[in-house]
There are 2 protein chains.
Amino acid sequence: MQFDIKAVNGELTEALSHKIDFKTKPIGALGILEKTALKIGQIQQTLSPEIKKPAIVVVAGDHGVTEEGISPYPQEVTFQMVMNFLQGGAAINVFARQHDITLKIADAGVNYDFNGIEGLENVKVRETGTANFAKEMAMSVEECEQALANGSRLVEEAHQRGSNIVGFGEMGIGNTTAAAALLSVYGDHDPSLTVGKGTGLDKAGVQNKAKVIANAIELHGKPATGIETLATYGGLEIATIAGGMLKAAELGMIILVDGFIITSALMAAHSINPNVLDYCVFCHKSNEQGHRLMLEYFKAEPLLDLELRLGEGTGAALALPLVKSAVNFLNEMASFEDAGVSNK
Amino acid sequence: MQFDIKAVNGELTEALSHKIDFKTKPIGALGILEKTALKIGQIQQTLSPEIKKPAIVVVAGDHGVTEEGISPYPQEVTFQMVMNFLQGGAAINVFARQHDITLKIADAGVNYDFNGIEGLENVKVRETGTANFAKEMAMSVEECEQALANGSRLVEEAHQRGSNIVGFGEMGIGNTTAAAALLSVYGDHDPSLTVGKGTGLDKAGVQNKAKVIANAIELHGKPATGIETLATYGGLEIATIAGGMLKAAELGMIILVDGFIITSALMAAHSINPNVLDYCVFCHKSNEQGHRLMLEYFKAEPLLDLELRLGEGTGAALALPLVKSAVNFLNEMASFEDAGVSNK
């Protein structure tokens with residue numbers, strides 16, 4: 001699958017910076033919001049950007065690597081949480097309602113037969129989730145391509161409904177192990193540095209998780225391409241989300257980047273087409289330890305640092321008001337001249 | 001002026017923690033939002049807290065200490081920015097509109113005759129602002145008492161309109177110098193550690209600011225009481241805000257604590273009645289260096305760290321959606337039992 005993503009050009013940078021600097025405030029006094037306003041103006045190529053119909057796509061998938069005892073929760077929690085999403089009782093439902101975000105829930109490979117239940121987008125690539133990457137590739141390259149295409153279609157639909165900004169969420173017991181493996185390979189880090197406690201592992205559990213990943217890397221090595229890496233170590237939800245990100249960038253949409261799992265999907269998307277990064281607003285710094293390495297990899301300065309480690313896209317939803325504030329101050333604040341305020 | 005502030009008791013702590021822990025998420029996965037939900041439940045003494053009609057009171061005042069060349073902006077910017085607030089063009093107006101916050105603008109001693117202009121609350125204690133604390137007390141203890149009473153009345157009015165949560169903003173060229181002086185005295189720090197660049201001082205300017213404060217402390221010493229310290233080094237807007245905070249706590253309201261100047265007002269309020277702290281939610285970590293020392297003083301973990309240094313209450317306004325999210329997850333998320341999700 002090819003994605004035609006334009007690099008964001010810097011044409012308007014000077015005009016945007018001038019507009020920001022002459023608002024009635026000391027230079028730089030709105031901190032990271034000023035950088036966010038600049039970035040969004042550049043993405044939309046305008047001095048008066050707009051946020052339209054924010055969407056979050058939550059993708060769920062199961063992980064064969066749970067066989068290795070890398071999560072304190074049983075695999076069935078993935079489908080149970082999908083049901084919770086559909087019933088509106090999860091954290092992401094609460095925050096999406098609060099901020100008027102259109103939520104789409106998709107099944108990329110949950111080990112459960114939802115039987116066509118209403119409200120769930122069926123983008124299953126494998127009925128039972130990924131294979132155990134400790135023993136074999138998590139999915140084939142063809143399956144990975146299929147997941148990318150599915151994610152692409154989900155985002156295209158949101159765009160057709162009028163959205164110009166999209167975030168992603170995930171659910172999948174075991175997926176911090178997949179994300180840590182992707183970070184280890186894409187970022188060239190020892191697994192002991194990329195693993196964390198996930199949903200609540202103890203110290204021995206975290207050590208076991210690192211060992212499972214280290215052994216898998218010994219087995220598979222570093223694949224030749226980004227997409228093979230994703231197929232080898234990733235998750236079906238992660239691949240679907242990577243495809244969604246690439247399509248969002250192709251369509252010129254703002255991408256709200258959530259925490260550890262979602263940033264691993266961005267590493268995959270970035271390995272396929274690096275221009276995707278130009279469209280990203282980093283929403284939060286997760287409390288999962290490997291996320292720091294990912295943020296360094298992208299030289300990202302996220303909006304929030306609330307010690308969240310929930311996933312589901314909650315960090316993206318919680319950061320949306322700040323993204324809107326960045327756009328609002330750029331559009332609505334008076335300049336020194338307009339307001340008759342003396343500048344330095 | 002006496003404030004009868006109940007210490008928040010821990011009666012509901014266990015029940016609130018239980019409710020938070022059995023939501024469908026790993027324990028602690030909502031990070032600082034969980035602590036915020038607990039705190040608000042304790043303040044309101046309920047397992048189902050509510051946020052009602054948020055208000056922000058922005059108080060302006062001028063500072064005699066500007067004579068010492070401690071700000072790169074001229075004093076007239078204070079009244080010009082008040083006009084900007086009244087016309088809706090400042091950052092705080094933008095963010096208050098975004099979050100449906102009732103904004104009240106008050107003049108506690110701006111060196112300008114507003115001539116009864118509509119929309120401005122006249123709580124002037126001195127026509128020309130404070131005296132230069134490098135030479136004499138900024139205000140008398142009687143004037144300080146008057147400012148406390150004025151702030152108290154402003155908050156009481158918000159409460160009567162149905163608000164149960166209030167933030168404070170400020171405007172006053174020179175007020176980072178007053179705030180740094182208050183921090184130096186209340187917190188017992190050398191002025192070189194409490195001063196920062198304010199609206200944009202260079203290195204020599206920051207050093208001069210520290211020297212002005214150090215000389216003033218040599219002149220006045222450490223006053224015997226909290227209120228005398230406030231009168232000696234503070235600002236009329238700072239004293240008004242301190243009174244507002246004390247009244248808010250007396251009324252059981254949540255206090256949204258903004259940045260450097262507002263936290264100096266909290267130090268003053270806390271020196272008058274330490275129970276005020278029980279009602280505070282710390283909204284952001286300012287980029288003004290002394291704010292870190294204030295947050296340590298109160299062992300506070302603020303919601304935002306966006307490198308803001310604007311004042312006006314902008315940090316409080318920007319944090320409000322997170323405060324609401326804390327309350328919303330507590331009220332709306334399903335428990336493991338409700339949702340039929342397996343717990344560990």
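Things to note:
- Exercise: per-residue mean of other protein chain Cβ atoms within 10 Å, B:311-323: 3
- For the stretch A:164-193 versus the stretch B:100-140, the spacing of their alpha-carbon centroids is 54 Å.
- Between 0 and 90°, nearest 10: helix A:141-160 axis offset from chain A longest Cα axis: 30
- When B:Lys299 is represented by a point 7 angstrom out along its Cα-to-C-beta vector, the spacings to that point in the other copies are 4.0 nm, nearest first.
- Cα shape, the protein assembly as shown, gyration tensor, a/c 1.5 rule: prolate
- Distance from the axis that maps chain B onto chain A is least for the Cβ of the chain B residue given, with the whole Å value, as B:Pro321, 2.
- Å² per residue, accessible surface of the stretch A:90-228 at 1.4 Å: 42
- In chain B, the DSSP-assigned H stretches of four residues or longer account for a calculated mean residue ellipticity at 222 nm of -15000 deg cm²/dmol, using -39500 (n - 2.57) per stretch and the full residue count as denominator.
- Against chain B, whose longest principal axis is taken from its Cα atoms, helix B:203-220 shows a tilt of about 80°.
- Each distinct pair of alpha carbons in the stretch B:17-135 adds a 1/r term; the inverse of their mean, the Kirkwood radius, is 17.7 Å.
- The A and B chains share an interface that buries close to 4500 Å² of accessible area, total over both sides, probe 1.4 Å.
- Cβ charges +1 (Lys, Arg) and -1 (Asp, Glu), total dipole of the protein assembly as shown, debye: 180
- Where GluC sites (Glu not before Pro) fall in DSSP loop in the stretch B:1-85, at most 15 other Cβ within 10 Å: B:Glu11, B:Glu50
- For the segment A:325-331, counting C-beta atoms of other chains within 10 Å of every residue's C-beta and taking the mean gives 4.
- The stretch A:55-323, Cα convex hull volume normalised per residue, Å³: 106
- Per DSSP, loop trypsin sites (Lys or Arg not before Pro) in the stretch B:28-82 with at most 16 further Cβ within 10 Å: B:Lys52
- Neighbour-limited loop hits for trypsin sites (Lys or Arg not before Pro), the stretch A:105-180 (at most 12 other Cβ within 10 Å; DSSP other than H, G, I, E, B): A:Arg161
- Peptide B:19-30, shielding by other chains (average Cβ, 10 Å cutoff): 5
- Counting only residues at least eight positions apart within a chain, or on another chain, the lysines with an alpha carbon under 16 Å from that of A:Lys299 are A:Lys35, A:Lys39, A:Lys285.
- Inter-copy separations for B:Asp4, label at 7 Å along Cα-Cβ, nm, ascending: 7.4
- Rounded if a/c under 1.5, otherwise prolate or oblate - the stretch B:114-209, Cα gyration tensor axes: prolate
- Overall form of the stretch A:176-310 per C-alpha gyration tensor (a/c, 1.5; a/b vs b/c): oblate
- To the nearest ten degrees, helix B:314-332 and the longest principal axis of the Cα atoms of chain B are 20 degrees apart.
- Placing a label point 7 Å from the Cα of B:Gly187 along the Cα-to-Cβ direction, the distances to the matching points in the other copies come to 3.2 nm, shortest first.
The values are calculated or read from the model by the stated rules, or taken from the named source; none is laboratory data. Worth saying up front: this structure is predicted, and the values here are computed from it rather than measured. Reconstructed Cβ throughout: ideal geometry from the backbone, glycine too, with neighbour counts over all protein chains shown. We work out accessible area using only protein heavy atoms, side chains counted, and drop any ligands, DNA or RNA first. Shrake-Rupley method; radii C 1.70, N 1.55, O 1.52, S 1.80 Å.
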